[in-house]
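The values are calculated or read from the model by the stated rules, or taken from the named source; none is laboratory data. Small disclaimer: the values here were computed from a predicted structure and weren't measured. Cβ placement follows ideal geometry from the backbone for every residue including glycine, while neighbour counts extend to all protein chains displayed. We work out accessible area using only protein heavy atoms, side chains counted, and drop any ligands, DNA or RNA first. Shrake-Rupley method; radii C 1.70, N 1.55, O 1.52, S 1.80 Å.
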Amino acid sequence: MSYRYIGNKTRLLPILLDSFQKAVPTGATVADLMCGTASVSEALAQSGYRVIASDLMTFSAHHARVRLCIPEDPTFKEVGIGSYRNILDYLNQLRPIEGHFFKEYSPDGQPGNGQKPRKYFSSPNAAHIDAITAQLNDWVANGVLSEPENSLLRHDLVLASNRVANIAGTYGHHRSKWGNGSLSRLELRPTIFMRKQRIDHIVYQGPAEEIAPLVKADLCYIDPPYMKRQYAANYHIIETIARGDAPEAVGVSGLRPWRDQYSDFCSKVKIRNAFRSIFDSVECDQFMISYSEDGLLSEEQLLDLFSEVGEVTLEKFPFMRFRSNAGGQGGTVMEYLFHIKR
Ligand SMILES: C[S@@+](CC[C@H](N)C(=O)[O-])C[C@H]1O[C@@H](n2cnc3c(N)ncnc32)[C@H](O)[C@@H]1O
């Protein structure tokens with residue numbers, strides 16, 4: 001699953017796993033409290049760890065459920081139109097609907113707040129997203145989709161939408177000209193399920209500060225945002241796809257109201273207490289924390305903060321900067337991995 005997500009750790013996985021394996025034995029429980037695309041959670045599970053994954057965002061919870069808790073194609077028995085592949089074929093051929101996505105995010109739509117039409121998706125793709133969402137919501141309302149089945153189809157729809165979105169990196173803005181395959185037809189593709197060693201993992205959704213009291217683990221991995229820009233604002237469109245709702249679309253970019261998913265880790269004033277509230281309430285003696293040289297807090301400030309908890313060591317790796325297609329800084333940046341032992 002290739003996924004352009006700020007801070008996605010796919011390329012760092014070998015280094016991270018090596019450090020995790022030195023810290024705790026296979027079979028131990030590892031919490032991935034800000035799991036994003038769930039790439040680290042999945043790699044941990046594949047290496048034989050039991051994983052507790054969580055994130056603020058709904059789409060992350062779908063990704064984590066799919067990547068951790070579903071061992072094989074679900075049956076979709078209650079839907080009554082056949083196997084997973086039959087369901088995808090059916091959804092891929094749905095008649096388009098001119099609904100919320102068409103109205104708010106396509107060039108032929110008329111945004112509710114009177115802004116100029118937005119170009120996040122071609123008009124046929126936006127109407128196809130509306131049709132699939134309406135069908136999934138209908139199946140949920142009729143009680144025929146199980147939670148894993150619902151997560152799998154929303155996950156597939158997020159990935160399909162990412163492939164045709166007319167954006168330069170994040171959903172903060174759409175591009176003014178069509179680019180990057182954004183005029184190709186949206187297509188749900190089947191997720192391939194690898195044999196899973198275990199599926200006794202747990203997925204939560206919510207602020208890590210509130211999830212922490214529920215967590216008992218041998219190691220806690222924390223991969224917070226390191227910039228001011230909120231994930232809820234950068235990824236508002238896939239959050240709406242994941243929830244299947246039709247919220248007010250605000251401003252030029254059509255942002256969903258996202259204050260309920262505001263992160264204290266994006267505030268220089270609040271980030272220290274946000275970390276402390278996790279350390280204080282989670283039942284765990286070891287922490288691994290990813291951070292970037294470009295982040296809100298410096299290496300020294302983080303070392304000071306983490307020393308309040310226990311003994312701290314630090315590894316550093318050069319890493320390619322996240323770069324939007326529109327340009328940006330590029331080049332390499334130091335990626336930090338702090339290890340705290342209480
Ligand atoms: C750097 S990304 C994690 C990337 C992830 N490791 C991956 O490989 O995809 C940071 C994540 O933290 C989440 N986040 C931000 N604040 C949070 C909070 N207070 N509690 C839980 N998750 C939070 C964001 O939604 C985002 O998914």
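In the complete set of protein chains, residue-level accessible area for Asp18 is approximately 70 Å², probe 1.4 angstrom.
Computed with a 1.4 Å probe over protein heavy atoms only, the accessible area of Leu56 comes to about 40 Å².
Which angle from 0 to 90°, rounded to the nearest 10, does the C-alpha axis of helix 271-281 make with the longest principal axis of the chain? Value to nearest ten degrees: 70.
Axis angle, to the nearest 10 degrees, between helix 147-164 and the longest C-alpha principal axis of the chain: 80 degrees. Ranking Ile52, Ile15 by solvent-accessible area of protein heavy atoms (1.4 Å probe, all protein chains present), from largest to smallest, gives Ile15, Ile52. Annotation: Arg185 carries an accessible surface of approximately 150 Å², with a 1.4 Å probe and no ligand, DNA or RNA atoms counted.
Taking the Cα centre of the chain as the origin, how large is its charge dipole in debye, to the nearest 20, when only Lys and Arg (+1) and Asp and Glu (-1) carry charge on their Cβ atoms?
On the way: 38 positive and 39 negative charges, 213 e Å.
Charge dipole of the chain: 1020 debye, to the nearest 20.
Which of rounded, prolate, oblate describes segment 48-110, given a ≥ b ≥ c as roots of the alpha-carbon gyration tensor eigenvalues and a/c under 1.5 marking rounded, otherwise prolate only if a/b is larger than b/c? Please report the intermediate quantities before stating the final value.
Values: a/c = 3.84, a/b = 1.37, b/c = 2.81.
It comes out oblate by the Cα gyration axes.
Remark: segment 126-136, residue by residue, has Karplus-estimated 3J(HN,Hα) of 4, 5, 6, 4, 4, 5, 5, 4, 4, 5, 5 Hz, where x stands for each Gly or Pro and the curve is 6.51 cos²θ - 1.76 cosθ + 1.60 at θ = phi - 60°. In the chain, a dipole from Cβ-located charges (positive for Lys and Arg, negative for Asp and Glu) runs towards its positive end, and of Val30, Gly295, Ala168 it is Ala168 whose Cα lies farthest in that direction.
Here the chain carries DSSP beta bridges of which approximately 55% are antiparallel, counting only pairs with both residues inside. Across the alpha-carbon atoms of segment 73-190, the computed radius of gyration and Dmax are 14.9, 44 angstrom.
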